[in-house]
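Following: one structure in structure tokens, then a few remarks.
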Amino acid sequence: MTHKVKITKVSFKNIKGTSTTKEGVILLCSRSVPCQGVELSEINLTYNGALAIAVCANVNPKVSEKIPTCQGIFDGQGAIAWKQNSCGSNKNCASRSMNLGFNFLNHSIVRDITSKDSKYFHVNVLSCNNFTFDGFKVSAPHDSVNTDGIHIGRSNDVKVLNTKIATGDDCVSLGDGNTRLVVKNVECGPGHGISVGSLGMYDNEDPLDDFLVKNVTIKNADNGVRIKSWPSSPVSITVTNMRFEDITMVNVSNPIIIDQEYCPWNECSKKSPSKIQISKVFFKNIKGTSATKEGVILLCSKSVPCQGVELSEINLTYNGAPAIAVCANVSPKILGKAPTCTAAKSIF
């Protein structure tokens, strides 16, 4: 049973000294009635000569001046597991352990933590609300298999801020059922870029709405910003209000891509098009270098063509010349400088 006592307007100010526990600040609030208006100001506590840390749940305290922070490295020692992992070619492979999982948490912050060499996803976020990563770091080599940096599913108001991700798969990936997500001031690469999906693989998936990617640099990655769904999907859901803006690409393959023919192991059925309806997708002020001549790839579904796609101020080059755009089942609106679509051959 969750506690029903409402705690509000609590101020901790100018508290200093030594703690006999490494957790100098513990704020464990109620899930049903999260604490509101909590402030931490000038908290200077040490444990065994080092700064004490703060742990919090169901509260988002206002921080002023010095407070204890939690720092450290979670090392998954994944190198041996990657060699035994067939997930790059076998969709029925056995999943390995993740470094970190956050399930059913509200009003929480993860700050100044490093995830290193996870055997599988570095971080999985499931059914969380008002959850923030700030100053987070992911470190793994480009050949580490299925090591998504941060995977988010069925969550609301999740933010990834001021974060550096280098890994062997998606830097940030979204599953189904997410709303109001933000990725801002992030460095990605190597890796597979920032991905919405894959979607349409299962019959119980929920829609996605409202995703912002802003002030991001992607370097030496296999993809840039991407939306992907499977053909012959058993479910019909919507993906809408996706905004990708102020992004710099450095030697990135497929910098901008919508792929509704996603089939990485070539084991999926291609009898019918994807049923995932994609609409209101905005690519704005995206510049840099592409490792492929197709800087923009928009392969939408024949059964539910993409609607409301905009390309605005897209300046991508390949070997010194402007990169091109190829499109199928979509008529993007062009604003300012952006490549016009040439026809792409669709599977369907």
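The values are calculated or read from the model by the stated rules, or taken from the named source; none is laboratory data. Note that the structure is a prediction, hence the values are computed from the model and not measured. For neighbour counting, all protein chains shown are included, and Cβ atoms are generated from backbone atoms with ideal geometry for every residue, glycine included.
Before moving on, here are some points about what is shown:
- Just one of the listed residues (Ile43, Ile80) is in a strand (DSSP E or B) and modelled with pLDDT of 85 or more, namely Ile43.
- Among the candidates Ser232, Ser274, the residue that is of a type outside the set (Phe, Trp, Tyr) and at negative phi is uniquely Ser274.
- Qualifying residues in the stretch 46-77 (those that are under 22 Å from the mean Cα position of the chain (by Cα) and not in a loop (DSSP other than H, G, I, E, B)) - the one modelled with the lowest pLDDT: Gly72
- If you go through the stretch 266-281 and pick out every residue that is under 14 Å from Thr240 (Cα atoms) and small (Gly, Ala, Ser), you end up with 1.
- When restricted to residues that are out of contact with any strand residue (DSSP E or B) (no Cβ under 6 Å at 6 or more places or on another chain) and on the phi < 0 side of the Ramachandran plot, the stretch 325-348 contains 6.
- The residues in the stretch 110-137 that are among the β-branched types (Val, Ile, Thr), within 21 Å of Gly168 (Cβ to Cβ) and in contact with a Lys or Arg (Cβ under 7 Å, 6 or more places away or on another chain) can be counted, and the count is 1.
- The number of residues in the stretch 214-234 that are without any contact (Cβ under 8 Å) to a residue 60 or more places away in the chain and in contact with a Lys or Arg (Cβ under 7 Å, 6 or more places away or on another chain) comes to 4.
- Members of the stretch 208-258 that are hydroxyl-bearing (Ser, Thr, Tyr) and surrounded by fewer than 23 Cβ atoms within 10 Å (Cβ to Cβ): Thr217, Ser232, Ser236, Thr238, Thr240, Thr248, Ser253
- Residues in the stretch 117-148 that are closer than 14 Å to Thr163 by Cα and assigned to a strand (DSSP E or B): Val123, Thr132, Phe133, Asp134, Lys137, Val138, Ser139.
- Of the listed requirements (1) assigned to a strand (DSSP E or B); (2) on the phi < 0 side of the Ramachandran plot, Asn285 misses just one: (2).
- Qualifying residue in the stretch 240-256 (condition: in the same structural domain as Asn204 (by TED's automatic domain parsing), closer than 19 Å to Ala343 by Cβ, outside any loop (DSSP other than H, G, I, E, B) and touching a residue at least 24 places away in the same chain (Cβ under 8 Å)): yes
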